[in-house]
Structure formats: structure tokens, C-alpha cells
Amino acid sequence: MAAANAEKEPRLTLSQAIIFALEHDPWLSGSRFDQQATEAKAESAYQLPDPKFSLALANLPTDTFDFEQEAMTQLIVGVSQSYPRGDSRQLKRQQLYQQSERQPLLRREREAKLTLTVTQLWLDAYLSRESVRLIEQDMALFDQLADISMARYASALGRTRQQDLIQAQLEQIRITDRLTRLQQKRDVAEQKLLEWLLPSFSESGQDIYIAEAYSEELPRLSPISPGILQAKDITNRELADYFVHHPLVQALDQNIEMAGTGVQLAKQKYKPQWGVNASYGYRGETPDGRDRADLFSAAVTVSMPLFSSTAQDKDVEAAIASQEKIRTERSLMIRQMMSAFRSAQAQISRLDQRQQLYQDKLLPQVKRQAKAALNGYESDNGSFTEVIRARISELNTRIEYLEIQVEQLRQIAQLNYVLTTTAPESEATTETRLYKEPGNKALKNTGASS
């Protein structure tokens, strides 16, 4: 049933798989909830502490427990309110909002990382599957050649020897083992890819059959910034200026701002903490029936950091050190991105050269070699072993050429992750900017059965 549906419906392309993975990624949903929770905490942190109310019965005589016997006896109702030190409330709210502003940046990085992950798994599955297809195509030819050599050996025609037959059988066994290993790699890659294409269990109960669903066409990937990739004389300063817009670097900038607010927050401990309280004391009548005046009290309290200055100094020192540590992490990340860019740039350049060499010279040459070996064997001027080796060499060259093509796309995908930016001039989403596939007029979520 799944195979029949796959024949009727369009294959799931890489772009559609990326969009599906992004729409059903639990991490992205969790990040939005985390942002909402942090913003709610920010507003909560800005509020004053709750006032404290008290109700007390003071100075009640224990001999008679008569409320009106003594003038000192009171029913006291009080309220007290404390105020945090300095601008602690505003700074705490500011720090939490700075923390919440990291989430959109982390989501942008998650989208780019998830795009890279799905692309790499897709290419792994594609490479294994196409290698299996190439080997399966040549397996029939190897079987045919083995049958011909067996017939020639049995009829004592030509120069076919017993060791040639044994060699042919050994090569067939090796190819069969190689085919099995590639099928194993294909199955593993497809199952890893399936991890990112599973919808939430609450949304769909349908299974996805990756082997029958994903497209057999190799996608075309283009760099986000071709000008930067092709620039041979781009300086490290220019690269650093570009990478400061990467979501991870921007998130570290937010961490630096949070740490700066933390420094200011630590300095608030040097300031006094104020509090006010007021109470109203109700008194009963005198024994002869005259009213007693009720009492009202008010007070202001202040907490001064007189004996804990060392603690405040160390708190500020620790906050400053934490901020500087984040600055070093930022510098290290930019260095890593520059190194990754240089590495990908060099590899893409060399892979282009290898692809041109294979396409123009190596593939035609091994094809002519295999044809010449077969012609020589058919005319009794060559051995069967040479025919088999020439065919295997041609097969290996075709697979190597496929590996070069796939590795090019891997490097472009890695480069696109490094070049991901939060610059406002590009409003397109990550996956639609990075990937252009034939026949894709619009990228939409096609569901699990696409």
C-alpha cells in the first residue's frame, strides 16, 4: 500500500523535508514557551515585595484578661513594606528581558543547524542509495561476463583459465559484500533522517516510509553569499565583521549585555535597603467609662552594608569576570567560524577541480579502458581478469565521482550554516534561501505521505 501511494504522489524533496522538520521540531516550540516564561518572570521581578500585615494583642493583663483594665492594653493592626536596594527591580527586569531576547536568535540558529543536519542525513542516504543502484546495475553485467567465461572455459574456446573463473567469483563475492555494506549504511541514514520527519504523535498516527518517499533527484544547493565564497583576498577583519551577525554570536552579545546588567545589579548591593511600617493601636475604655485615645505609630528602617563590604566587592568582581569570560567565548566562536569558512572554501575549490577532472578525463578514460579490455578478451588478446578489473575500476570511478558531487553539497551546506546571518536585509527563511531545487515553485508542508 505504501509503495502504491509513493507511485501516485510526488516524492518528498529536500526542501519539503527541511520545512517539515522545522514545523515539527519540539525544540522550537519549547523555545517560544521559554521566551514567554522569561518575559512573565521579568514583569514579576519588577513588582514590589508584598506588604506584610500584622494583628496583635499587646499588654493584656494575665490576672483578669480584661481588655479595658490597663491603659497599655492594645489591639494593634500594622502594615510594613520593604523596598529593594537601589534600582534592583528595574535592573532585574531588564536582565530577564535581555535573556528572553536570546530565544529568537537561538531559534534562528536552530533552524540553520536543523537545515544542515537534515541536509547531511539526506545526502548520506542519497549517496548510499545511488551507490547501491550503480553496483546493482553492474552486478548483472558481472554475472553475464562470468557466464560467458564459464561457457568458453567449458568448451575449451579461447584463453579462459580456471584461475580466471576463480578470480571472477572472488570479485563477485567482494562486490556482493560491498553492496551489503552500502545497503546497511543506506538503512541507517534513512532511519536517522526519519527522526526529523516524524510529526508529533498527537498530530498524526501515520508512518513515514523514507525509502519510498524521498526524492531520487540530487538537490541543487547554492551558497548564501557567493561573493564571499569566491573572494580570494577577503581579509579576516571583513570575515569577522560578517560573522558578528551570526545568530550564535548575536546570542553571545545578548549574554554580554545580560552580564553587564548583572554587574550593575551587583553594585546595587552597596546601596541601602529601605522599609516603612505603620501600626494602629486600639485601646479600650477606662474602668470609669471614659474613652482612651488610640495610638498610631510609624517607622522607617534602613539596612546599610557597613560590615559586608568585602562580600559586595567580591560580588561585583565576580560579575565583571563573568562578563569578560563571555567576551572571550565570543572571540573564540568568531575564530572557529573563520576557520570553518576558510576550510569549506578550500575544499569546495578543490572539489570543483576534481569534479572537472573526473567529468572531462577520468570517466571517459575508464569507460574506454573497460571497452578495450572487453574487446581484447572477445578477440582472445586479453584475459578475463583484465576485463573484470577494468569494469570494477569503472564502477569505482563512477562511485567516486558521485562522492565528489555529494561532498560538494555537504561543504556548501556547512558553509551556509556558517554564513547564516540575522542581518535585516534578508527576510527569507533559512531553508528557502539556502536551497533551490528543480520543479519547486513553492515550498510547502506536504505532510508525511509526500
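Results for (1) assigned to a helix (DSSP H, G or I); (2) small (Gly, Ala, Ser); (3) open to solvent by 50 Å² or more (accessible area, probe 1.4 Å); (4) at pLDDT 80 or above, shown as yes or no for each residue.
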{"position": "164", "(1), (2), (3), (4)": "yes, no, no, no"}
{"position": "171", "(1), (2), (3), (4)": "yes, no, no, no"}
{"position": "184", "(1), (2), (3), (4)": "yes, no, yes, yes"}
{"position": "192", "(1), (2), (3), (4)": "yes, no, yes, yes"}
{"position": "200", "(1), (2), (3), (4)": "no, yes, no, no"}
{"position": "211", "(1), (2), (3), (4)": "yes, yes, yes, no"}
{"position": "218", "(1), (2), (3), (4)": "no, no, no, yes"}
{"position": "224", "(1), (2), (3), (4)": "no, no, no, yes"}
Check your understanding: Taking the range 14-50, which residues are more than 19 Å from residue 98 (Cα to Cα) and not in a helix (DSSP H, G or I)?
Key -> 24, 25, 48, 49, 50
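Any residue at all in the range 75-83 that is part of a helix (DSSP H, G or I) and either open to solvent by 80 Å² or more (accessible area, probe 1.4 Å) or modelled with pLDDT of 90 or more (or both)?
If we filter the range 75-83 for residues that are part of a helix (DSSP H, G or I), which is where we start, we get none.
No, the range 75-83 contains no residue that is part of a helix (DSSP H, G or I) and either open to solvent by 80 Å² or more (accessible area, probe 1.4 Å) or modelled with pLDDT of 90 or more (or both).
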Review point. For residue 396, are the conditions met, namely being in a helix (DSSP H, G or I), within 30 Å of residue 166 (Cβ to Cβ) and out of contact with any helix residue (DSSP H, G or I) (no Cβ under 7 Å at 6 or more places or on another chain)?
Key: yes
Study note, to complete from the structure: Within the range 398-417, the residues that are open to solvent by 10 Å² or more (accessible area, probe 1.4 Å) and in contact with a Phe, Trp or Tyr (Cβ under 8 Å, 6 or more places away or on another chain) are 400, 401
Exercise for review: Out of 290, 335, report the one residue that is without any contact (Cβ under 8 Å) to a residue 40 or more places away in the chain, within 30 Å of residue 69 (Cα to Cα) and either among the basic types (Lys, Arg) or open to solvent by 50 Å² or more (accessible area, probe 1.4 Å) (or both).
Suggested key: 290
Practice item. Starting from residues that are in a strand (DSSP E or B) and surrounded by 11 or more Cβ atoms within 10 Å (Cβ to Cβ), keep the ones in the range 300-323 and report whichever is farthest from the chain's Cα centre (by Cα). Key: 301
Check your understanding: Going by the conditions given, is residue 395 open to solvent by 60 Å² or more (accessible area, probe 1.4 Å) and aliphatic (A, V, I, L, M)?
Key -> no
Study note, to complete from the structure: When the range 51-72 is checked residue by residue, the ones that are over 27 Å from residue 298 (Cβ atoms), open to solvent by less than 100 Å² (accessible area, probe 1.4 Å) and among the hydroxyl-bearing types (Ser, Thr, Tyr) are 64
Review point. On the given criteria, is residue 369 in contact (Cβ under 8 Å) with a residue 40 or more places away in the chain and either open to solvent by less than 90 Å² (accessible area, probe 1.4 Å) or farther than 23 Å from residue 224 by Cα (or both)?
Key: no
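Matching residues to (1) of a type in the set (D, E, K, R); (2) under 26 Å from residue 25 (Cα atoms); (3) modelled with pLDDT under 85; (4) not in a helix (DSSP H, G or I):
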{"residue": "107", "(1), (2), (3), (4)": "yes, yes, no, no"}
{"residue": "120", "(1), (2), (3), (4)": "no, yes, no, no"}
{"residue": "127", "(1), (2), (3), (4)": "no, yes, no, no"}
{"residue": "143", "(1), (2), (3), (4)": "yes, no, yes, no"}
{"residue": "151", "(1), (2), (3), (4)": "no, no, yes, no"}
{"residue": "156", "(1), (2), (3), (4)": "no, no, yes, yes"}
{"residue": "167", "(1), (2), (3), (4)": "no, no, yes, no"}
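The values are calculated or read from the model by the stated rules, or taken from the named source; none is laboratory data. Quick caveat: nothing in here was measured; it's all calculated off a predicted structure. Cβ: placed from backbone, ideal geometry, glycine included. Neighbour counts: every protein chain shown. The area values use the complete protein model at the heavy-atom level, side chains included, leaving out ligands, DNA and RNA. Shrake-Rupley method; radii C 1.70, N 1.55, O 1.52, S 1.80 Å.
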